[in-house]
Amino acid sequence: MKILAGTEFIESLPALRNGTQDRFEEAVRPIVEGVRCRGDAAVADFTREFDGVALSPGQFEVTAEERAAARAGVSDGLIQAITEARDNVTRFHEKAAPKSWFTFSGDGTLMGQVVRPLDRVGIYAPGGTAAYPSSVIMGAVPARVAGVRETVLCTPPDMTGGANLLVLVAADLCGVTRIFKVGGAQAVASMAFGTRTIPRVRKIVGPGNAYVAAAKKLVYGSVDVDLPAGPSEVMVIAGPEADPDLIAADLLAQAEHDPFAQAILVTTSEPLAARVQERVASRLKDLPRRHIAGKALDDGGRIVIARDLGEAVLIANAYGPEHLQILLDNGLELLPRLENAGCIFIGPWSPAAAGDYGAGPNHVLPTGGAALSFSPLSTSDFVKVSNVAALSQAGFEAIRPYATLLARAEGLAGHANSLQARGDKP
C-alpha cells in the first residue's frame, strides 16, 4: 500500500477515480448492442464466451425444481442466517418507505403526491469469482417493502450451467418472482431491452464489477438504473488508539471483492500507519482470495497521513467513499462533518462487513466518488411519484393573476389564455 500525505492523496484523486472507466465502457458497448439487436441469441453467445457455459435460451430461467433442490442443498443454519439478515434489512427499510400524502386548504383545494410501486424491476446479483446471496437480500427486500409486483433476478451461471444455491435460496426467501442464469453486461442489457425469454424491466438495481457498472451506465435512458455501484471501496479514518489488526482486517475485507477495489486508511499517526502495513501483509498471506486482494491493494490501496482530524474529514469528503469507517474515540462527534459517504460505520464494533451481511442498512452503495451526488439503494428506488393538484375555484382565483402574468412574460399566450378563460366564467 502506498503511503501519501493528505495533499498528495487529494491531488491524485482524478487518476485514482477515472483511470479505467472509458476502457470498461468501450469493452461492454458491443455486448449491450449485441443483446439489443439479437436478443436471446446474443445472450447465449456471450454466456458461452465469458462464462464458459453453453446454455440455450430455454435453459436461462431457473425452474421450480431447481429452486426446490437449492433449498434441500443448503443447511438449516444458512437458511436461518439469510432469514435473520432479511428481517433486519426489512425493518430498516420499512422506516424509510415513502408514502402518499395530501393536504387540504381552507378554500377546499387539495394538493399532494401519490406514491406507487414500479410494476417490474430487475435485480443483479454478482457471481463469477464469488456469489453474493447478500446482494439478493439488498435488492429484493426494499423492492418488496415498496410493493413491487414482479422482481426479475439475473445472476451468472456456474460451470455446470446451474446457479449458486445460496443465491437461489435467498431469492426464494425474499420473494423474487423469476430468476435467470445470465450474468455480466449481457444480463444488464437483456433486462434493459427485453428478449423473447427475459422480460424487460422498468429499473435495474444491484452491485457488480466495473463491466456491470459500465453496462448500467450505457443502458440508462432505455431503462432506469439505481446508482453507480462498481468495484468495492472502503476508507477508514483511525486515530492512534485504534487497533491496527482490526484496521488491516477491514481493509482486506473490501479488497478481496475485486482486483479493482480500493482500500484507504487515513490517520494522523505514522506509527499506526506502519503497524497497519505490517498487519495487512501478515493477514494477506492467509487470505484465500489473496491474489485478488493483493492486486487491489497494489493498485488501489493507500495509507494517507493527515495533519489533523480536520484534514482527515476534508480527505473523506473529497473522496466520497462507498464505506466509511470511523475508528476514533468519540467518533460520533465527527458525524455532522462527514458529508459524502455511502454508509458510515462508527466504532470498533461496526465494521463495513456487518453492513454487508444484514445489520440493516443497504449495502448497495454509490462508488467511484458517486457518493458526492448519489444515495444508497432504498425503497425510494422502487416507486414512482405523481403530483396531484385539485384546485377549488377560490384556490384557482388566488393564483390566476400572477400565473397569467408569468405566462405572458414567458411568451406563452396559450397558457395565459387557458388561465384567463376560467377567469371569464361566471
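The values are calculated or read from the model by the stated rules, or taken from the named source; none is laboratory data. In this text the structure is predicted, and so the values were computed from the model without any measurement. For neighbour counting, all protein chains shown are included, and Cβ atoms are generated from backbone atoms with ideal geometry for every residue, glycine included. Please note that ligands, DNA and RNA were not included when accessible areas were found on the heavy atoms of the full protein model with its side chains. Shrake-Rupley method; radii C 1.70, N 1.55, O 1.52, S 1.80 Å.
Structure summary
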{"read-out": "Residue within segment 310-329 that is in contact with a His (Cβ under 7 Å, 6 or more places away or on another chain) and crowded, with 22+ Cβ neighbours inside 10 Å present", "value": "no"}
{"read-out": "Residue, most open to solvent (accessible area, probe 1.4 Å), within segment 299-309, restricted to residues that are within 25 Å of the chain's Cα centre (by Cα) and modelled with pLDDT of 95 or more", "value": "302"}
{"read-out": "Qualifying residue in segment 221-228 (condition: within 17 Å of the chain's Cα centre (by Cα), among the hydroxyl-bearing types (Ser, Thr, Tyr) and farther than 26 Å from residue 259 by Cβ)", "value": "no"}
{"read-out": "Residue within segment 281-292 that is in contact (Cβ under 8 Å) with a residue 24 or more places away in the chain, in a helix (DSSP H, G or I), among the aliphatic types (A, V, I, L, M) and closer than 18 Å to residue 345 by Cβ present", "value": "no"}
{"read-out": "Every residue from segment 345-360 that is under 15 Å from the mean Cα position of the chain (by Cα) and farther than 11 Å from residue 137 by Cα", "value": "352, 355"}
{"read-out": "Helices (runs of 4 or more DSSP H) enclosed by segment 95-214 - at least 3 residues per element that are under 29 Å from residue 289 (Cβ atoms) and without any contact (Cβ under 8 Å) to a residue 12 or more places away in the chain", "value": "none"}
{"read-out": "Enumeration of residues in segment 201-230 that are out of contact with any Leu (no Cβ under 9 Å at 6 or more places or on another chain), among the small types (Gly, Ala, Ser), open to solvent by less than 50 Å² (accessible area, probe 1.4 Å) and more than 13 Å from residue 28 (Cα to Cα)", "value": "208, 230"}
{"read-out": "Some residue of segment 254-262 being hydrophobic (A, V, I, L, M, F, W, C) and closer than 28 Å to residue 307 by Cβ", "value": "yes"}
{"read-out": "Residue identified as part of a helix (DSSP H, G or I), closer than 24 Å to residue 215 by Cβ, among the basic types (Lys, Arg) and open to solvent by less than 60 Å² (accessible area, probe 1.4 Å) among 23, 36, 17", "value": "17"}
{"read-out": "Single condition residue 102 does not satisfy, out of (1) open to solvent by less than 40 Å² (accessible area, probe 1.4 Å); (2) modelled with pLDDT of 95 or more; (3) touching a strand residue (DSSP E or B) at 6+ places or on another chain (Cβ under 8 Å)", "value": "(1)"}
{"read-out": "Some residue of segment 109-116 being among the basic types (Lys, Arg), at pLDDT 95 or above and either touching a Phe, Trp or Tyr at 6+ places or on another chain (Cβ under 8 Å) or buried (at least 18 other Cβ atoms within 10 Å of the Cβ) (or both)", "value": "no"}
{"read-out": "Test result for residue 339, touching a helix residue (DSSP H, G or I) at 6+ places or on another chain (Cβ under 7 Å), within 30 Å of residue 248 (Cβ to Cβ) and among the acidic types (Asp, Glu)", "value": "yes"}
{"read-out": "Pairs with Cβ under 8 Å, 6+ apart, first in segment 378-405 and closer than 13 Å to residue 110 by Cβ and open to solvent by 70 Å² or more (accessible area, probe 1.4 Å), second small (Gly, Ala, Ser) and outside any loop (DSSP other than H, G, I, E, B)", "value": "387/112"}
{"read-out": "Verdict on residue 411 being on the phi > 0 side of the Ramachandran plot and exposed (fewer than 15 other Cβ atoms within 10 Å of the Cβ)", "value": "yes"}
{"read-out": "Search result, residues across segment 269-280 that are surrounded by fewer than 20 Cβ atoms within 10 Å (Cβ to Cβ) and without any contact (Cβ under 8 Å) to a residue 60 or more places away in the chain", "value": "269, 270, 271, 274, 275, 278, 279"}
{"read-out": "Members of segment 52-82 found to be open to solvent by less than 40 Å² (accessible area, probe 1.4 Å), out of contact with any strand residue (DSSP E or B) (no Cβ under 8 Å at 6 or more places or on another chain) and closer than 19 Å to residue 171 by Cβ, listed by number", "value": "55, 70, 74, 79, 82"}
{"read-out": "Single condition residue 422 does not satisfy, out of (1) touching a helix residue (DSSP H, G or I) at 6+ places or on another chain (Cβ under 7 Å); (2) at pLDDT 95 or above; (3) open to solvent by 40 Å² or more (accessible area, probe 1.4 Å)", "value": "(2)"}
